[in-house]
Structure formats: C-alpha cells, structure tokens
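Q: Take this structure, written in structure tokens, and hold onto it; I'll ask about it next.
The values are calculated or read from the model by the stated rules, or taken from the named source; none is laboratory data. Note that the coordinates shown come from a computational prediction; the quantities given were computed from them, not determined experimentally. When we count neighbours, we look across all protein chains shown, and the Cβ atoms used for this are built from the backbone with ideal geometry, even at glycine. We work out accessible area using only protein heavy atoms, side chains counted, and drop any ligands, DNA or RNA first. Shrake-Rupley method; radii C 1.70, N 1.55, O 1.52, S 1.80 Å.
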Amino acid sequence: MEEIAKRSREAAQILGGVSESKKNDALLAFKRQLIARRAEIEAANAQDKSEAEAAVKAGKLSNSLFKRLDVSGAKFDGLLSGLDDILKLPDPIGQVHYAMRLAEGLELYRQTCPIGVLLIIFEARPDAAVQIAGLAMKSGNALLLKGGKEAQRSNAALVAAMAAALEEVNLPRDCIQGVDTRTAVADLLKQDKYIDLVIPRGSNELVRSIKDASRISVLGHADGICSVYVDEFADLDKAVKICVDSKTNYCAACNSMETLLVHRKVITRFLPKLASGLSTKEGVRFKADSACLPHLPKDKSEPSCQADFDTEFLCHTMAVKAVDSVNEAIEHINSHGSGHTDGVVTEDAKVAETFMSRVDSAGVYHNASTRFADGFRYGFGAEVGISTNRIHARGPVGLEGLTIHKYRLYGCGHTAGGFAGPSPEHRFLHQRIEQVNRAEDIVYPAPRKFAGSNPTALIALAAAAVGMAVGMALAKR
C-alpha cells in the first residue's frame, strides 16, 4: 500500500501543475469513456444489485444501502450531466484571495492550490466514484477510491473507464486509483507521508471506524440527525409541505429529517395536517412524546424513548417532540443533533434569526426543506461529501473545499535585515493590491526602484523579471 500511496503523490505533483484546459480535457475524456463503456458498466452494476438484493432478503445488507447502489438508466444519465456541471465551474486553482504590497518592490499573494492526495472511502453509491473523481480532477488532486464490496464490480468498471480517459489525454493513470480490500484501507490510513486527507462517506459505523484508525486528517460526518422546528408562528400548510419533503423526498439520505420539533401551541392543529400529508407514503412511523402522541394516527405511532432523538432512522420513521419555545428547540438540536442541517418554519423574522444564529450546525434553514443540503443544489456542481468538522470546509464540500493555499512572495533582493536599524533600507507599507484575482493577473514589481542609476543592475533585474514571467507562462501549458 505504501507504493500505491507513493504513486498517488507523484501523480498529484504532476496534476497540480497542469492547466485548466488540460483538466477539462480529462473531464471530457471521462465522459467519452463512460458513454463508450455504458453497457459494460450497467451489466456490472446489475450483477452487484442482484447479489445485494439477495443480501437484503437474508438480512445481511440494509435496505438503505441497497437503494444507493443503482448506477443505471437515469442514474447513469445524471452521472454524465454531473460531469458537464463540473466542466462549467471556474478553475478553483490559482485564485488569489489576498494581495499585499509589503514594501516597495516586495509583494505577497495568497493563492489557492490542490490539497494533494485524497483517499475517499464510501459505501454503495458507485455514482459517487465519478462525481468525486470529477471534482478531484478539476481541483488538481490525485485520488484513491475505496468503495464498498456491495458495489465492487460497478466501481471497478467505472475506475477502469476513467483510467483509460487519463491515458487518452496523457495524464498519469495513477491520478485515480481504485483500492479493493478492507486490509488495504487499514494500511492506507497509516500513509500520512503520502496521503493528505481522508473523506469517508457512509454509515455512522464506517465514519467512526475511519476516524479512530487514521493517522491522516479526516473530513466528514458520522451522523445525519437533522431536525425541523415548526414554530407557533408557522404557516402550517407550508410546514406540512416542508416536513413531508424533508422526510420522504429521499429518506435514506443524510440530509433527511429525523426529528420533528413542534411548538406546543400548534400541535393540535399541525400534527393531524402532517399525518394527512403523509398518508400516501409507505412505512411512515411516528415515535412521539406524550404531548404529541394523541394527535397522530394510532396505527402508525408509538411512544418515544430518549434514544429515538439520537437516532438516524434512514427510513420513514421520525421522532416527534413538543417544545415550549424556539429556545427549547435550539437547546434540543444543539444537544441531540449532529451539526449537519436543521430548519425552522416560521413567519416571524425574529424567531428565524434567533434559530439561525444560535443553532450550531453546518446548515441552518428558514422555511425550506433540509434536503437542500447538497453540493449540486448549492451550485457546487457536485460534492465529495458533507462535513460537520470545525475546519475550513463545512457543509457540502465541493471544489473550494478541496483546495488549500500557498503564499507567493515577489521581491527584488529584499532582506529582513533591510527593514531593521535606525536607518532601514526599506519600510513596510502593507498596502492592498487591487484587481488581482488569479495568479496570471500578478504583475511583477518594477526593478527600477532598486536599480538607481546603475544600468547594469537595471538590465539584470529586468532580465530576471522577464525570466520569471516566461517560466510562469510555460508552467501553465
């Protein structure tokens, strides 16, 4: 595994320096190869689904995992359109977010660059392999992919297609590598010399096991316990619409509602409306507290226990609780939620602002479904996952979350000692430099300021500046 990780690092060092057009060429090649191999990929996926269906019937695989396994038909079409969306996004590498003239002829720029090597470990969802690979390519990161055994054939076929695409555009195959075995993952989690970030996507058990075993930084979330609070000043018809969508649009997703909090003043009016709105949905269950239970269908309800409010059900079951105020709702969410996404339904702007400023989650929504917590819906093109970490990348992680930064400093022979003493050679200015948005916008400091009347020095400094500019232009090719 050390050799695999090392090859990824070498590929990352090449990929980090290629132009945006080259990366886009690779994305287009991904799409061509996937289309050419569609029948082969869908056949592999059919085998995986057949075995998984038998595993579900035998009680060896959860139904929620099985639902995420499909990569045929409309799912395959979505996979291709996802690549189109990534192609349209601006290059996240080389963006300048800070430009400062430290002194005359001494300029500092902070620019975005790739993280390096990513290890993505995910369950089911073979379409995620292409989505993540597209984002990794656009952001200049090399990728190690470890999918679940339930999608092994599908993942292998997808990775083979993308490897062929890399060869087609003369990029190293090692930019994207698939990893097959569980023992390989254990070894890779020790390769902190070569791998920069681990992103697990899957169950609570998977994420926690990765976090416990890894020497490498881990970005992700262990649970998706999302709550919706229906306030006393809510439009109840709007609240029904939002809650039904949050719970049933795709209940196996991490951004589906698991807990419903209802202001005590509206439970008698709201809960029967909600039950009616959910009447056509299969498998709906309410685990409700004593205040809410009498207002829900008896054949679909049962008393809740404390553990229900700490549970990610991933089905049409929800925990329901009455609260006396927005403050109580906030306290409940901050104590029992997972910091993922939580929403308030209210027509009172002050209540909404209180909720959104005090709920400690990656996403806080007012009068909108929790299902919007998604990189595609946010306009990121796609996402590698959702982070509840308290780091630079929180919530859905798209291209921006796969970049870090480096500092470029351009001088003309400046030394730190030149700023010291009673008669310093230079003085700090710390002036903002405007209209520099990308690395190619950088204008090198004019050497004449330090050449004085010495023509030889002027020529030498000018030649150095031209040489740097030419080298930078060549590096972009």
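Q: Just checking, how many residues over region 204-236 are open to solvent by less than 20 Å² (accessible area, probe 1.4 Å), part of a strand (DSSP E or B) and more than 20 Å from PHE309 (Cα to Cα)?
A: Within region 204-236, residues that are open to solvent by less than 20 Å² (accessible area, probe 1.4 Å), part of a strand (DSSP E or B) and more than 20 Å from PHE309 (Cα to Cα) number 0.
Q: State whether one or more residues within region 387-403 are crowded, with 21+ Cβ neighbours inside 10 Å, modelled with pLDDT of 95 or more and assigned to a loop (DSSP other than H, G, I, E, B).
A: So far as region 387-403 goes, no, none of its residues is crowded, with 21+ Cβ neighbours inside 10 Å, modelled with pLDDT of 95 or more and assigned to a loop (DSSP other than H, G, I, E, B).
Q: Please go through (1) open to solvent by 20 Å² or more (accessible area, probe 1.4 Å); (2) assigned to a helix (DSSP H, G or I); (3) at pLDDT 95 or above for GLY78 and return the number of the only condition it doesn't satisfy.
A: (3)
Q: Additional query: Among the numbered criteria (1) buried (at least 17 other Cβ atoms within 10 Å of the Cβ); (2) out of contact with any Ser or Thr (no Cβ under 9 Å at 6 or more places or on another chain), which single criterion is violated by ARG173?
A: (1)
Q: So ALA239 ticks every box in (1) assigned to a helix (DSSP H, G or I); (2) over 29 Å from the mean Cα position of the chain (by Cα); (3) within 19 Å of ALA329 (Cα to Cα) but one. Which box is left unticked?
A: The failed condition is (2).
Q: While we're here: Under the condition of being within 17 Å of ALA234 (Cα to Cα) and among the charged types (D, E, K, R), which residue from region 261-309 is surrounded by the fewest Cβ atoms within 10 Å (Cβ to Cβ)?
A: Only one residue fits best here, namely ARG269.
Q: Within region 1-20, which residues are open to solvent by 40 Å² or more (accessible area, probe 1.4 Å) and either under 14 Å from LEU166 (Cα atoms) or among the aromatic types (Phe, Trp, Tyr) (or both)?
A: If the condition is that a residue be open to solvent by 40 Å² or more (accessible area, probe 1.4 Å) and either under 14 Å from LEU166 (Cα atoms) or among the aromatic types (Phe, Trp, Tyr) (or both), then ILE14 is the only one that fits.
Matching residues to (1) assigned to a strand (DSSP E or B); (2) open to solvent by 40 Å² or more (accessible area, probe 1.4 Å); (3) among the acidic types (Asp, Glu):
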position: CYS315; (1), (2), (3): no, yes, no
position: VAL320; (1), (2), (3): yes, no, no
position: GLU331; (1), (2), (3): no, yes, yes
position: VAL364; (1), (2), (3): yes, no, no
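Q: Only residues that are open to solvent by less than 10 Å² (accessible area, probe 1.4 Å), closer than 12 Å to GLY178 by Cα and of a type in the set (A, V, I, L, M): list them for region 131-156, please.
A: ALA133, ALA142, LEU143, LEU144, LEU145, listed by residue number.
Q: Right, next: Mind checking whether some residue in region 148-163 is part of a helix (DSSP H, G or I) and under 30 Å from ASN437 (Cα atoms)? Spell out the reasoning first.
A: Residues of region 148-163 part of a helix (DSSP H, G or I): 149-163.
From what's left, under 30 Å from ASN437 (Cα atoms): none.
No: region 148-163 contains no residue that is part of a helix (DSSP H, G or I) and under 30 Å from ASN437 (Cα atoms).
Q: Here's a follow-up. For region 244-255, which residues satisfy the criterion of being surrounded by 24 or more Cβ atoms within 10 Å (Cβ to Cβ) and out of contact with any helix residue (DSSP H, G or I) (no Cβ under 6 Å at 6 or more places or on another chain)? I'd like the intermediate steps shown before the answer.
A: At the first step, the residues of region 244-255 found to be surrounded by 24 or more Cβ atoms within 10 Å (Cβ to Cβ) are 246-247, 254.
Once the filter is applied, which keeps residues that are surrounded by 24 or more Cβ atoms within 10 Å (Cβ to Cβ) and out of contact with any helix residue (DSSP H, G or I) (no Cβ under 6 Å at 6 or more places or on another chain), region 244-255 yields LYS247, CYS254.
Q: Take the residues in region 333-362 that are of a type in the set (D, E, K, R) and open to solvent by 10 Å² or more (accessible area, probe 1.4 Å), then tell me which one is nearest to GLY385 (Cα to Cα). Working first, answer last.
A: Taking region 333-362 first, the residues of a type in the set (D, E, K, R) are 342, 347-348, 350, 353, 358, 360.
With open to solvent by 10 Å² or more (accessible area, probe 1.4 Å) added as a condition, the list becomes 347-348, 350, 353, 358, 360.
Numbers: GLU347: 32, ASP348: 33, LYS350: 32, GLU353: 27, ARG358: 24, ASP360: 19 Å.
In this case the residue turns out to be ASP360.
Q: Mind telling me which of the residues LEU197, LEU188 ends up being open to solvent by less than 60 Å² (accessible area, probe 1.4 Å), of a type in the set (A, V, I, L, M), at pLDDT below 95 and farther than 27 Å from ASN334 by Cα?
A: After ruling out the rest, the residue left standing is LEU188.
Q: Looking for something touching a residue at least 40 places away in the same chain (Cβ under 8 Å) and part of a strand (DSSP E or B) - is there at least one such residue anywhere in region 130-143?
A: Looking only at region 130-143, we keep the residues that are touching a residue at least 40 places away in the same chain (Cβ under 8 Å), and these are 130-143.
Adding the requirement that they be part of a strand (DSSP E or B) leaves 142-143.
Within region 130-143, one or more residues are touching a residue at least 40 places away in the same chain (Cβ under 8 Å) and part of a strand (DSSP E or B).
Rundown of residues vs (1) open to solvent by 40 Å² or more (accessible area, probe 1.4 Å); (2) at pLDDT 95 or above; (3) within 30 Å of VAL198 (Cβ to Cβ), yes/no style:
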{"residue": "GLY385", "(1), (2), (3)": "no, no, yes"}
{"residue": "ILE442", "(1), (2), (3)": "no, no, no"}
{"residue": "PRO447", "(1), (2), (3)": "no, no, no"}
{"residue": "LYS476", "(1), (2), (3)": "yes, no, no"}
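Q: Could you say which residue among GLY413, GLY421 is among the small types (Gly, Ala, Ser), open to solvent by less than 60 Å² (accessible area, probe 1.4 Å) and not in a strand (DSSP E or B)? Spell out the reasoning first.
A: Details: GLY413 fails: open to solvent by less than 60 Å² (accessible area, probe 1.4 Å).
Within the list GLY413, GLY421, the selection yields GLY421.
Q: Determine, yes or no, whether ALA128 is open to solvent by 60 Å² or more (accessible area, probe 1.4 Å) and modelled with pLDDT under 95.
A: Values: open to solvent by 60 Å² or more (accessible area, probe 1.4 Å): no; modelled with pLDDT under 95: yes.
Here the answer is no, as ALA128 does not meet what is asked.
Q: Please go through region 251-304 and give me each residue that is among the charged types (D, E, K, R) and touching a strand residue (DSSP E or B) at 6+ places or on another chain (Cβ under 8 Å), ordered by number.
A: Of region 251-304, the ones among the charged types (D, E, K, R) are 258, 264-265, 269, 273, 281-282, 285, 287, 289, 298-300, 302.
Of everything in region 251-304, those that are among the charged types (D, E, K, R) and touching a strand residue (DSSP E or B) at 6+ places or on another chain (Cβ under 8 Å) turn out to be GLU258, ARG264, ARG285, LYS287, ASP289, LYS300, GLU302.
Q: Can you tell which of VAL96, VAL71 is within 25 Å of GLU205 (Cβ to Cβ), open to solvent by less than 40 Å² (accessible area, probe 1.4 Å) and not in a helix (DSSP H, G or I)? Can you show your working first?
A: Numbers: VAL96 fails: within 25 Å of GLU205 (Cβ to Cβ).
None of the other options fit; the residue is VAL71.
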